[in-house]
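Since the structure comes first, as structure tokens, the remarks are kept for the end.
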Number of protein chains: 2
Amino acid sequence: MTRPRGVVVVTGSELVRGERTDRNGPFLAGELLRLGIEPARIQIVGDDPAELEAALREGLGADLCAVSGGLGPTHDDRTVELLARATGRELAVGAALEAEIEAVSRRVAERLRRPYADFAEGVRKQATLPAGAEVVGIAGTAPALVLEAEDTVFVVLPGPPSELRRLWPQALETSPVRAVLARAHEPERRVLRFYGASESAVARALAEAGGEAPGLAATVCARDFEIHVDLVFEAEASSAADRLGTGLRKRLGEYLFAEDERAVEELVLAACLKRGLSLATAESCTGGLVAARLTSVPGSSDVFRGGVVAYADDVKRAELGVSEELLARHGAVSAEVAAAMAAGARARLDADVAVAVTGIAGPGGGTPEKPVGLVYLHAEGTDGSASRELNLPGDRSAIRGRATAAALHVVRTLLAQS
Amino acid sequence: MTRPRGVVVVTGSELVRGERTDRNGPFLAGELLRLGIEPARIQIVGDDPAELEAALREGLGADLCAVSGGLGPTHDDRTVELLARATGRELAVGAALEAEIEAVSRRVAERLRRPYADFAEGVRKQATLPAGAEVVGIAGTAPALVLEAEDTVFVVLPGPPSELRRLWPQALETSPVRAVLARAHEPERRVLRFYGASESAVARALAEAGGEAPGLAATVCARDFEIHVDLVFEAEASSAADRLGTGLRKRLGEYLFAEDERAVEELVLAACLKRGLSLATAESCTGGLVAARLTSVPGSSDVFRGGVVAYADDVKRAELGVSEELLARHGAVSAEVAAAMAAGARARLDADVAVAVTGIAGPGGGTPEKPVGLVYLHAEGTDGSASRELNLPGDRSAIRGRATAAALHVVRTLLAQS
């Protein structure tokens, strides 16, 4: 049984030029997947009419085509006009819609002390729709639409991510979209996450365990320091998926650390919470990223007490109690200082567990003995410690990101041991 | 004069499913733009052969098609095979390439204590190329390629962003790509960045200042809390661009803060460095994000001393000297506590300037008096202070991200005042 095919079209000059990273494509693709529609492609185009029209025409081959952006009042917002052209529909002003947008615009005009006449043209433009389109809701003055054309249902949403996310559930309630969802069926999914094994070792174990089977797709992918095996399968392939899971657990059990999608920071916080432990951080080269990832999780304040970003050496001394002698003898980037930072964070922030990072993120600051990418990690708990030395490739941003992930895994390992 | 048309094709199941955000598309699009090639679309597909082949066929319409991913040794890495099919080329093993990949694989086999036979099939696969392809370089065991087909030059690069970025400059040196670049011509670009003005106010000022002109494209876009006006123009439209810039400066001068692309954290660090000031942070709800953005800049250690992430109230007391009485009277989320945190960070971390953030990022913790999204910012320097109260919309991640940007702008404003 094949799933309905979904396509996402995202429009925005700054997105196609790489000046900003698109967030709507991944959101909409993830939603399609969740609903049992296969996300086949995400297409990003600018406001060039020929490119956008071509992308919308290609959307006609899909069961559902979700479109983001190009609904504003200005001249370069052309999604509605081009959707009408791609689907061969007439454009017309919706009277009720125009009244609704006019009301919003009059309030804005009043607040800004501008004559409404300045807005009238934009209102008319935003109230113009292809024949047969259904208005799903309004964000500011931009209407979200659903349009059935040939065998495709188009869902057209405003570009600002918060507005798109607010209106998407309303689009799912319309009858054209409900009809697509009735043909959809959600695949089963399973993930096995490994830490410390190489991608090729995991790929080999996957092949040895039997590999893919009819109705079972297996993807190996590296993310941060983790290797994920994603199994996506139809119900009839569930015993094949079970066999594959068992084979991977047997071969790579020592590296397997999770079989769900929770980020490592969530696993760390959950392990602390379960055991009634509080947590603190001490960071040099990661500059707050470890604390930022931990506090990205709602409810992290139940576990996380705080952290010190000790960039200057005398901040390491004053705020974390790292001794001048230790710094002079081993240097700020050393296993000894990482351990002292973790001990200091536990004591100063009154936490049960602390993790420390010190390293050289580059591009400057490296020496032959201590090159860019050298990072020391140390986690200390109530009944033990764990530490690691890393030599990371990549630029400053890559080194910081990977050191952050590794720091979280060091705490996770410590909590799993004890 | 039209520029060569560029298309980016990115392949990866986890990318088209929205499980991971693509970084290669924006990078490659930005590079094309920089080189004077118009990035017309970024297409993301999974490892479904039909979708990937169709995307590569569409690439044939472009002058340059940059392709990322699908070059690994495993069965679902199909870019080379499908590129051969899309361009009608035969596949053949390259003997010299095979020897090179074999040498790398033998070292890996030795390190992992595995027989080389386990790798032989993958080596043969990765050494197989479409007729006429030129090898640009190797990342691990994955070769990057350039292939001229019909009127299109394909540049095929490995998916891991660091490897892609390393091999891209080498691809630019090949003669097929150099031939495209000879037809390219870089547009002139100018950016005006505003803080504190709404997107519609900026759009209106842009229209009043004359708007777009032949050869001059103007894009208004909101990023973080900033509104950017991007002017992209041909040399012959430079006086029109000048007029537009002058008109915007006249109308929105109080909000204009930058005419280059440097991130606000870079502007803050540069302003500190110029005046010989050191900087520290004190964060509650942003949990280290302000420090992380500041330390993302190479050389930030010349200015940034460190920060305290004070999540628990007693960490605010112990590490930042916020008094128990102040916390009890005003609550941790208050203008008074933000000011005390900034003062504490200046004193404890021995910094000239400090910025503090306290707020409610949600989803829990809000009350009718202090709802989710309420954030207080305070920056204190040697000769003055600046503060702000924000009521931010959005989810936890949006609130934290926007509060972080606003905190950096508060320091920037303080440094600009004094």
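Structure values in brief
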read-out: Elements of type helices (runs of 4 or more DSSP H) in the stretch B:44-115, at least 2 residues being crowded, with 19+ Cβ neighbours inside 10 Å and within 10 Å of chain A (Cβ to nearest Cβ); value: B:49-59
read-out: Boolean, A:G365 is of a type in the set (G, A, S), at positive phi and out of contact with any helix residue (DSSP H, G or I) (no Cβ under 7 Å at 6 or more places or on another chain); value: yes
read-out: Checking B:D302 against (1) among the charged types (D, E, K, R); (2) at pLDDT below 95; (3) assigned by TED's automatic domain parsing to the domain that holds B:V337, the condition it does not meet; value: (2)
read-out: Whichever residue in the stretch B:362-393 is polar (S, T, N, Q) and part of a strand (DSSP E or B) and, among such residues, is most open to solvent (accessible area, probe 1.4 Å); value: B:N391
read-out: Tabulated pairs, the stretch A:256-282, first free of Cβ contacts under 8 Å to residues at least 12 places away in the same chain, second open to solvent by 30 Å² or more (accessible area, probe 1.4 Å) and in a strand (DSSP E or B), C-beta under 7 angstrom, 6+ apart or interchain; value: none
read-out: Qualifying residue in the stretch A:325-335 (condition: open to solvent by 50 Å² or more (accessible area, probe 1.4 Å), over 17 Å from A:T286 (Cα atoms) and part of a loop (DSSP other than H, G, I, E, B)); value: no
read-out: Leading residue by the ranking (farthest from the other protein chains (Cβ to nearest Cβ)) among those in the stretch B:121-130 that are open to solvent by 40 Å² or more (accessible area, probe 1.4 Å) and farther than 28 Å from B:Q43 by Cβ; value: B:R124
read-out: Condition check for B:D350: of a type in the set (D, E), open to solvent by 10 Å² or more (accessible area, probe 1.4 Å) and assigned to a helix (DSSP H, G or I); value: no
read-out: Residue that is under 19 Å from A:A407 (Cβ atoms) and modelled with pLDDT of 95 or more, where the choices are A:G344, A:G321; value: A:G344
read-out: Count of the stretch B:300-313 residues which are facing chain A (nearest Cβ under 7 Å) and either assigned to a helix (DSSP H, G or I) or without any contact (Cβ under 8 Å) to a residue 12 or more places away in the chain (or both); value: 2
read-out: All positions within the stretch A:1-17 that are surrounded by fewer than 24 Cβ atoms within 10 Å (Cβ to Cβ) and touching a strand residue (DSSP E or B) at 6+ places or on another chain (Cβ under 7 Å); value: A:R3, A:P4, A:R5, A:S13, A:E14, A:R17
read-out: The stretch A:314-324, residues that are open to solvent by 40 Å² or more (accessible area, probe 1.4 Å) and at the interface with another protein chain (Cβ under 8 Å from one of its Cβ atoms); value: A:D314, A:A318
read-out: Conditions (1) charged (D, E, K, R); (2) under 26 Å from A:G299 (Cα atoms); (3) within 29 Å of the chain's Cα centre (by Cα); number of the one not met by B:R317; value: (3)
read-out: Sole exception among (1) in contact (Cβ under 8 Å) with a residue 40 or more places away in the chain; (2) hydroxyl-bearing (S, T, Y); (3) in contact with a Leu (Cβ under 9 Å, 6 or more places away or on another chain) for B:T295, by number; value: (1)
read-out: Single residue of A:Y255, A:Y311 found to be surrounded by fewer than 20 Cβ atoms within 10 Å (Cβ to Cβ) and among the aromatic types (F, W, Y); value: A:Y255
read-out: Selection count, the stretch A:3-43, where residues are of a type in the set (A, V, I, L, M) and more than 9 Å from chain B (Cβ to nearest Cβ); value: 4
read-out: Selection from the stretch B:195-218 of residues that are under 27 Å from B:L390 (Cβ atoms) and open to solvent by 10 Å² or more (accessible area, probe 1.4 Å); value: B:Y195, B:G196, B:A197, B:S198, B:E199, B:S200, B:A201, B:A203, B:R204, B:L206
read-out: Number of the condition not met by B:H185 [criteria: (1) open to solvent by 20 Å² or more (accessible area, probe 1.4 Å); (2) in contact with a strand residue (DSSP E or B) (Cβ under 8 Å, 6 or more places away or on another chain)]; value: (2)
read-out: Hits in the stretch A:265-293 - residues which are in a helix (DSSP H, G or I) and more than 7 Å from chain B (Cβ to nearest Cβ); value: A:E265, A:E266, A:L267, A:V268, A:L269, A:A270, A:A271, A:C272, A:L273, A:K274, A:V290, A:R293
read-out: Answer from A:V297, A:V264 - the residue that is closer than 21 Å to A:F194 by Cα, open to solvent by less than 30 Å² (accessible area, probe 1.4 Å) and within 26 Å of the chain's Cα centre (by Cα); value: A:V264
read-out: Residues satisfying the stated conditions in the stretch A:380-401, i.e. out of contact with any Ser or Thr (no Cβ under 6 Å at 6 or more places or on another chain), farther than 15 Å from A:A342 by Cα and of a type in the set (G, A, S); value: A:S397, A:G401
read-out: Residue under evaluation B:R165, criteria (1) in the same structural domain as B:R249 (by TED's automatic domain parsing); (2) open to solvent by 40 Å² or more (accessible area, probe 1.4 Å), criterion not met; value: (1)
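The values are calculated or read from the model by the stated rules, or taken from the named source; none is laboratory data. These numbers come from a predicted model, not from an experiment. Backbone-built Cβ (ideal geometry, glycine too); neighbour counts: all protein chains shown. For accessibility, only protein heavy atoms count, side chains too; no ligands or nucleic acids. Shrake-Rupley method; radii C 1.70, N 1.55, O 1.52, S 1.80 Å.
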